[in-house]
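Let me begin by presenting the structure, written as C-alpha cells, before commenting on it.
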Amino acid sequence: MLATMPVPMPGGVSNNVIALCLAAVAVASYFLGCFNGAVIVSKYILRDDVRTHGSGNAGLTNFHRTFGGGLTFVVILTDVLKAVAAVLLGQWIFAGTAVYPDWAAVWPVLGKYWAGAFCLLGHMFPCMFKFKGGKGILSGGAIAILIDWRIALVVWGGFLLLAALTRYISLGSCWAGASFPFATWFVYRSPVLTVMAALLGGLILWKHRGNIRRLIRGEESRFSLHKKKDPS
C-alpha cells in the first residue's frame, strides 16, 4: 500500500521541474491518445468513416458492428498500444523527477494516472479528428492493467461478467468507470490518486451518458459477435 501523497511542495527550480514534467507528459499522452484506431482504420484504410455509421461513436463496438472482419484486431491493437506507450512514458518521466526521497514510490504511480487521463482525453476528443473520438473503454482497460493488477481485476472482472451475462457492453463499461476510483482507494489509500482515478472513471461515465439513458429506457442494443447487417 502506498501512503498518501506528501502535501508540501518544494520551491524554486524544483517547482519548474515538476511543472515541465506535468506539461510534457500531458501533451505527449494527449497526442498519443489522438491516434484513434477505429477512425484511422475506417477512414484511411476502408475509406468509410465509422463515425457516419451506427451510433456515430469512434470506438471498437461501433466499428465491429459496422465493419466486422480482421481489421477489428488492428483497432484493438492501436488503442491498446497507445495507452501502453502513454502510461509507460508517464511512469518513466515521473520516476526521474521525484524531488523528495519519500515521493519515490508514489510519484511514478501518479505519472501513470496523469498520462492515462490525458491519453483518454486524446482518445475521446482528438484534435486531428474534429474532437470526435471514442468512449475510452479499450484504452482505459489497458491503463488499468498497467497501473495495478488488483485494480484491473476489479475493473475488468466486473466488465466481463456484466457484458457476458447481459450482452450490454455499455453496462460493463459503466461498471469499469464507476469502480475505478473505489478500486484505486482500496489499493493505494491515496486521496490524490483516487481523485485522478475519479477523473478517468468520470470521463468514461460521461461519454456513456447516452448509453445510460438507453439502458434505463430498455432501448440499448445488445452486443453480437456478428457484423450488423445493412437494411435491404
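Given axes a ≥ b ≥ c from the Cα gyration tensor, I'd like to know whether the chain is rounded (a/c under 1.5), prolate (a/b larger than b/c) or oblate. Provide the component values of the computation, followed by the final result.
Values: a/c = 2.58, a/b = 1.69, b/c = 1.53.
In terms of gyration-tensor shape, prolate.
Mind telling me which of 56, 69, 202 comes out most flexible in a GNM of the chain, alpha-carbon contacts under 10 Å?
Among 56, 69, 202, the largest mean-square fluctuation in the Gaussian network model of the chain belongs to 69.
Calculate how steeply helix 191-207 sits against the longest principal axis of the alpha-carbon atoms of the chain, using the helix alpha-carbon long axis, and give the answer as 0 to 90 degrees to the nearest 10.
Orientation of helix 191-207: about 20 degrees from the principal axis.
Can you tell me how region 93-188 classifies by the Cα gyration tensor, rounded, prolate or oblate, using a/c under 1.5 as the rounded cut? Walk me through the numbers before you get to the answer.
Values: a/c = 3.41, a/b = 1.35, b/c = 2.53.
Here region 93-188 falls in the oblate category.
Report, in deg cm²/dmol and to the nearest 500, the calculated mean residue ellipticity at 222 nm for the chain, where each DSSP H run with n ≥ 4 adds -39500 (n - 2.57) and the sum is divided by the residue count.
-21500 deg cm²/dmol
Going by alpha carbons, how many degrees (0 to 90, nearest 10) lie between the helix axis of 106-124 and the longest principal axis of the chain?
The angle comes out at about 30 degrees.
In whole Hz, with x marking every Gly and Pro, tabulate ³J(HN,Hα) for region 132-141 from phi via Karplus 6.51 cos²θ - 1.76 cosθ + 1.60, θ = phi - 60°.
Karplus values, whole Hz, x for Gly and Pro: 10, x, x, 9, x, 5, 5, 5, x, x.
May I ask you to order 42-49, 164-171, 23-30 by the average number of other C-beta atoms within 10 Å around their residues, highest value first?
23-30, 164-171, 42-49
Based on the Cβ-Cβ distance from residue 88 to residue 48, what FRET efficiency comes out when R0 is 25 Å, to the nearest 0.05?
Efficiency for this residue pair is about 0.15.
If you take the charge dipole of the chain about its Cα centre, with +1 on Lys and Arg Cβ and -1 on Asp and Glu Cβ, which of 174, 19, 187 is farthest toward its positive end?
Result: 174.
By how many degrees, between 0 and 90 and to the nearest 10, does the Cα long axis of helix 13-33 differ from the longest principal axis of the chain?
Taking the Cα atoms of the chain, the angle to 13-33 is about 10 degrees.
Evaluate the charge dipole of the chain about its Cα centre and quote only its size in Debye, nearest 20, assuming +1 on the Cβ of each Lys and Arg and -1 on the Cβ of each Asp and Glu.
Using Cβ point charges on Lys, Arg, Asp and Glu, the chain gives about 840 debye.
Only the coordinates and a few stated rules stand behind these numbers; no lab work does. Please read these numbers as outputs of a predicted model, since none were measured by experiment. No Cβ is skipped: glycine too gets one built from the backbone with ideal geometry, and neighbour counts run over all protein chains shown.
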